[in-house]
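Peer 1: Just dropping this structure here.
Laboratory data are not the source of any read-out in this text; all were calculated from the coordinates shown. Bear in mind the structure is a predicted one, so any value in this text is a computation, not a measurement. Counting neighbours? That spans all protein chains shown, and the Cβs are built from the backbone with ideal geometry, glycine included.
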Amino acid sequence: MIDGDGLREELCRDLGFSAVDRMENIRRAGSIALLAARSGITSICSLISPLRSERDAIRGLCLARNVEFIEVYVSTPLATCEHRDPKGLYKKARAGMIPQFTGIDSPYEPPLSPEIEIPTQQLSVDEAVTLFKNSLDEFRKNP
């Protein structure tokens, strides 16, 4: 599991949230997943990747190295994200305390054709996990 928060705490503490820094953060996460794949390890990268171009670049790297890439879109409306907000980040972003916050003053481009979509506003955590597992199994049977 490659978690965005953990990645920023350990490997990417030198990065902020500018467009260039976000791109580098995504590149590093993808590079870690590719290194793991060479050892036969499947990685789940759990992070906000706001731009299609960034996701497409990682997909291209995976394809070039014959590594499977499955895009999972955790489709949650902004209002739901703000309502849940366990860390208070959306509130801080709305107050101008966190500039370039995804969905507030920095864009988010939803995937056009993700392999898996998880509509979390309609599901409990257990239901979302079950949907993910079942969708992954189905995708692997019928790529």
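Peer 1: GNM, the chain, Cα, under 10 Å: largest mean-square fluctuation among 86, 110, 77?
Peer 2: So, out of 86, 110, 77, the one fluctuating most is 86.
Peer 1: Taking 8 Å as the Cα distance limit and 6 or more residues as the minimum spacing, I'd like the relative contact order of the chain as a percentage.
Peer 2: Result for the chain is 22 percent.
Peer 1: Still on this structure: Hand me the GluC sites (Glu not before Pro) from the range 19-72 located in a DSSP loop with no more than 14 other Cβ atoms within 10 Å, in residue order please.
Peer 2: 68
Peer 1: Residues with amide H under 5 Å of residue 45's amide H, sequence separation 5 or more or different chain, H placed in the peptide plane at 1.01 Å from N; which?
Peer 2: 2
Peer 1: So, one more: Give, in nm to one decimal, the length gained when the segment between residue 52 and residue 3 is fully stretched (0.36 nm per residue of separation minus the Cα-Cα distance).
Peer 2: In short, 15.7 nm is gained.
Peer 1: With each pseudo-label sitting 7 Å past Cα toward Cβ, what's the residue 138-residue 95 distance in nm, one decimal?
Peer 2: Output for this residue pair reads 4.3 nm.
Peer 1: Can you list the HN-Hα couplings for the range 81-91, worked out from phi with the Karplus curve (6.51, -1.76, 1.60; θ = phi - 60°), rounded to whole Hz and with x for Gly and Pro?
Peer 2: 4, 5, 5, 6, 4, x, 9, x, 6, 5, 4
Peer 1: Something else: How about residue 133: which lysines have a C-alpha closer than 18 Å to its C-alpha, ignoring those fewer than 8 places off in the same chain?
Peer 2: 141
Peer 1: By the scheme Lys and Arg +1, Asp and Glu -1, what is the net charge of all other residues having a beta-carbon under 14 Å from that of residue 2?
Peer 2: So the surrounding residues net to -1.
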